[in-house]
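Just so you know, all these numbers are worked out from the coordinates, no wet-lab data involved. Computed from a predicted structure; not experimentally measured. We place every Cβ from the backbone using ideal geometry, glycine too, and count neighbours over all the protein chains shown.
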Amino acid sequence: MDRILELLSDKDLAFTIALTAKTCCIAVALHAIFGLLIGYYLARKKSFCAALIDLMVTLPLVFPPIGTGFILLLMFGRNGVLGKLGITPEIIFTEAGVVTAAFIAGLPLVVKPIQSAIEKEVFKLAEAAKTLGKNEVQVFFLIVVPAVKRSLGAGLILAVGRSLGEVGITLMVGGNIIGKTNTISLEVYNSVMDADFLRAGVLCLILGSISVCVFFALRRLSAL
């Protein structure tokens, strides 16, 4: 018991929990915004460009996370593709990299349900609204968003779970730097590697509690 209380009062653990919660909140906001926009675009457009975007969004869902992280490292690293072009976004081994990993990992779980809902149920309503004089922006906010809110809620729940459990992409892009980019999931990994199974168990309980809270919050939101 004393050991558990010592773990819960650990400053490094407090940082890890705070970083994970911050990453989760930012990722949820990004998933909601870009998930809606990309899902709507992919449902409406059938072109080579749309197919390419669909591939890029869906790839992290079927491609090993460590491989996805390696590709991002090759793109955004200092000596990567963008770096050689003079574009050096500061995301590798930073908190921005952790958020990027969570965003990329969870994005397809938001986009695909929204895309499917629009293609099957919302497209005809949107076209009818346009014939009544509504412009693209009005159709999106008045027709599409209310119609897909349940799909959005379900997608966000899945995306949060995927983001919270993300290790492979975060390890490559975030770097697992103690006190800087180590999320709870990475700390579970670190604890197991150090044979500190009690710490790993406590971290899993904390991670599970966050997941349950987010699940019920998003489920309630999607029911509104």
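Just grab the label-to-label distance for TYR41 and ALA128, each label 7 Å out from Cα along the Cβ direction, in nm (one decimal).
Reported label-point gap for TYR41 and ALA128 is 2.8 nm.
Please give the helix 11-44 orientation as an angle from the longest Cα principal axis of the chain, in degrees from 0 to 90, rounded to the nearest 10.
Roughly 20 degrees between the two axes.
Using only the alpha-carbon atoms, how far is helix 65-76 inclined from the longest principal axis of the chain? Give it as 0 to 90 degrees, nearest 10.
80
Summing -39500 (n - 2.57) over the DSSP H runs of n ≥ 4 in the chain and dividing by its residue number, what mean residue ellipticity at 222 nm do you reach, to the nearest 500 deg cm²/dmol?
Value at 222 nm, helices only, nearest 500: -24000 deg cm²/dmol.
Amide H neighbours of GLU166 under 5 Å, counting only residues 5+ apart in sequence or on other chains, H built in-plane at 1.01 Å?
Amide H neighbours of GLU166: none.
Report ³J(HN,Hα) in whole Hz for each residue of region 207-212, in order, from the Karplus equation J = 6.51 cos²θ - 1.76 cosθ + 1.60 where θ = phi - 60°; Gly and Pro get x.
In residue order, the calculated couplings are 4, x, 5, 4, 4, 5 Hz.
Relative contact order of region 2-223, please, whole-number percent, based on alpha carbon pairs below 8 angstrom and at least 6 residues apart. Please report the intermediate quantities before stating the final value.
Working: 276 pairs, mean separation 64.8, N = 222.
That works out to 29 percent.
Which entry in (i) 19.7, 68; (ii) 16.1, 55; (iii) 19.0, 57 is this structure's computed Rg and Dmax of the Cα atoms in Å?
Here the calculated entry is (i).
Each residue of region 45-54 in turn: what ³J(HN,Hα) in whole Hz from Karplus with 6.51, -1.76, 1.60 and θ = phi - 60°, glycine and Pro shown as x?
9, 10, 9, 4, 4, 5, 5, 5, 5, 4
May I ask for the distance between the Cα centers of region 45-103 and region 168-224, given as a whole number of Å?
22
So who's got an amide H within less than 5 Å of the one on ILE177, skipping anything under 5 residues away but keeping other chains? H placed 1.01 Å off N, in plane.
Close amide H contacts, sequence-distant or interchain: ASN182.
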